[in-house]
Every structure is written in structure tokens, then in C-alpha cells.
Amino acid sequence: MARHWARRARGNVFLYHAPQSYGHGSLELLTDAQYAFGLPFHPAYGGQFTPEEKRTALKVMQYFSNFIRSGNPNYPHEFSRKGPEFAVPWPDFVPGTNGENYKEFSAQLPNRQGLKKADCSFWSKYIQSLKAPADEVKDGLSAGSEEEEQPAGSGLREDLPDPGSKSYSK
């Protein structure tokens, strides 16, 4: 989906991934929601998160608030206590061989490349190979239907009897 939007959008696309191994799945919230909404700082859940996870949550909240305000997770608020050096800049997602960068929501918030590329190869390659013959057949049918639609007097209906005359045989 990020590739689709990056090719067609006029704005920047930023992709992230929250590994299942990181965060607290027992809380019935996805890791990104836990961090973006500050769950590690809620009194009822604060004791369940390590200091490292709380630092990660602060950075994720900063990224999200920057993105909400400016459309770019790297631009800090004017009133932010943290400067732009609060974390490694979040790269734009740019489709292509050297692009497709994303931010991973884990301890160091590393930038990575090619999220689940091998897993998505089914969709990106196999489906395209299935679509190609289907498109050829579709193009062939539409070309055939254009040939069938001939103007009046083209000679295709000359073999049919006049609908006004009736003939019967035994």
C-alpha cells in the first residue's frame, strides 16, 4: 500500500512497522497504539513497561505529534522540549531498489529497508503474472467485439431472410 501511495501521492509517505515481539501483546492493543498514545505512562500500566520502552514511547509520541502537525514526523513542534535530534530521522518511503525505507518501532527505532519484501513477493510478482494473460484475453475479447459491431450494409446480415416474409418447410 505504501508503494501505491508513494507512486501516486503528491505528498510524502512514511512507513513504520511494529514487530510483534516488541511491546505488550497481553494489553490487547497493538504496539504502535500503545506507544503513540502513551500507554507506558498511564498509572494503571506504567509498571508493565521498562524504562527503555518508555523512552521509545516518548520518541514515537514525538514522531506522531510532529506528523499530525506538519505532515512530516521529523519536524518538531515549536513548543517541543526535545530538539530535532531526539531520534534518528524517519526516512521517506520511496518506491524502488534503493528506497522503500521504514521506521521500526523497537528499542533504537532503527531505519530499515524492504519491509516484508519476501512475504509480499506473492502479491507483487505472482499476481502480476496471472494478470498478464487475463489482460491479453480481455484485450482479445474487446478487439473481437469491435469487429462484430459492423455498420448496416456491411454484408453480415445478407444471408438472413427478411423478417417480414415467412417461409415454412415440412
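Values in this text are rule-based calculations from the coordinates and carry no lab data. Here the structure is a predicted model, which is why all the values come from computation and not from measurement. Cβ coordinates were reconstructed from backbone atoms using ideal geometry, including for glycine residues, and neighbour counts include every protein chain displayed.
Observations
- Where only alpha carbons of the range 1-115 are counted, the Rg and the Dmax (Å): 14.6, 45
- For the pair HIS42 and LYS54, label points projected 7 Å from Cα toward Cβ lie 1.7 nm apart.
- Distant-in-sequence amide contacts of TYR16, defined by a placed amide H-H separation under 5 Å and a gap of 5 or more residues or a different chain, comprise LYS103.
- Cα-centre dipole for the range 1-115 with unit charges at Cβ (Lys and Arg positive, Asp and Glu negative), debye to 20: 340 debye
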